[in-house]
Amino acid sequence: MNEFATMSESKSMALLAMARELRSAALAGGTQRSLRGKNLALICDASDAVGAGADLFRRAASELGAKVTHLRPSLSLLSTQEEVRHTARLLGRLYEALECVGLPPELIRRIGAEAGVPVFEAISSSTHPTSRLASRLDEHSLSEDSRCAVMQAVLLTALA
């Protein structure tokens with residue numbers, strides 16, 4: 001799920017170009033609503049759902065027209081393969097993408113293998129590789145707007 005850690009330079013450049021376009025459009029007062037009607041899930045404990053990363057994920061998705069639902073995780077590493085399969089497939093039918101925060105990477109991989117939709121591993125976190133990519137977008141400082149634009153580019157790319 002963390003394909004961003006080994007992202008090619010060409011994919012990085014494409015995401016940055018898209019993020020620049022999105023940021024320019026936002027600064028000009030235009031909003032791109034290309035995710036209108038899409039439902040995304042933010043899967044995390046309640047304490048993680050009120051943090052800056054979760055707020056940024058909600059902002060990035062909602063500015064593109066998507067709806068974000070907060071779900072508390074019901075799975076753990078102790079969950080059986082059948083429980084993970086059933087839950088992941090159900091989530092895949094209900095949501096177009098899943099953002100998982102605070103779940104063990106192995107569990108996220110298991111969910112991603114079964115969900116049939118893009119599953120992100122804490123893309124909203126300030127320590128995620130896309131945050132470093134956002135620093136290349138804004139040379140002067142890493143702004144929340146830059147992180148939001150990169151996250152939007154990732155969402156658009158994954159859900160296109």
Taking the options Glu99, Glu114, Glu106, name whichever one is in contact with a helix residue (DSSP H, G or I) (Cβ under 9 Å, 6 or more places away or on another chain) and more than 20 Å from Ser62 (Cβ to Cβ).
-> Glu114
Scanning region 106-137 for residues that are surrounded by fewer than 18 Cβ atoms within 10 Å (Cβ to Cβ) and modelled with pLDDT under 95 gives Ser126, Thr127, Pro129, Arg132, Ser135, Arg136
Just for region 1-23: of the residues that are polar (S, T, N, Q), assigned to a helix (DSSP H, G or I) and exposed (fewer than 14 other Cβ atoms within 10 Å of the Cβ), which one is modelled with the highest pLDDT?
-> Ser10
Can you find even one residue in region 66-86 that is at positive phi and more than 16 Å from the chain's Cα centre (by Cα)?
-> no
Could you grab the pairs with beta carbons closer than 8 Å, sequence gap of 6+ or different chains, first residue in region 121-136 and touching a residue at least 12 places away in the same chain (Cβ under 8 Å), second one in a helix (DSSP H, G or I) and among the polar types (S, T, N, Q)?
-> Ile123/Thr130; Ser125/Ser131; Leu133/Ser12; Ala134/Ser146; Arg136/Ser12
May I ask you to verify whether Leu91 is touching a residue at least 12 places away in the same chain (Cβ under 8 Å) and of a type outside the set (Gly, Ala, Ser)?
-> yes
Set Ala52, Ala26: member being buried (at least 16 other Cβ atoms within 10 Å of the Cβ) and in contact (Cβ under 8 Å) with a residue 60 or more places away in the chain = Ala26
In region 75-95, the residues that are touching a strand residue (DSSP E or B) at 6+ places or on another chain (Cβ under 9 Å), farther than 11 Å from Arg110 by Cα and of a type in the set (A, V, I, L, M) | Leu91, Leu94
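The values are calculated or read from the model by the stated rules, or taken from the named source; none is laboratory data. Bear in mind that the values here come from a model prediction, so they are computed numbers and not experimental data. Quick reminder, even Gly has a Cβ in these numbers, built from the backbone with ideal geometry, and neighbours come from all protein chains shown.
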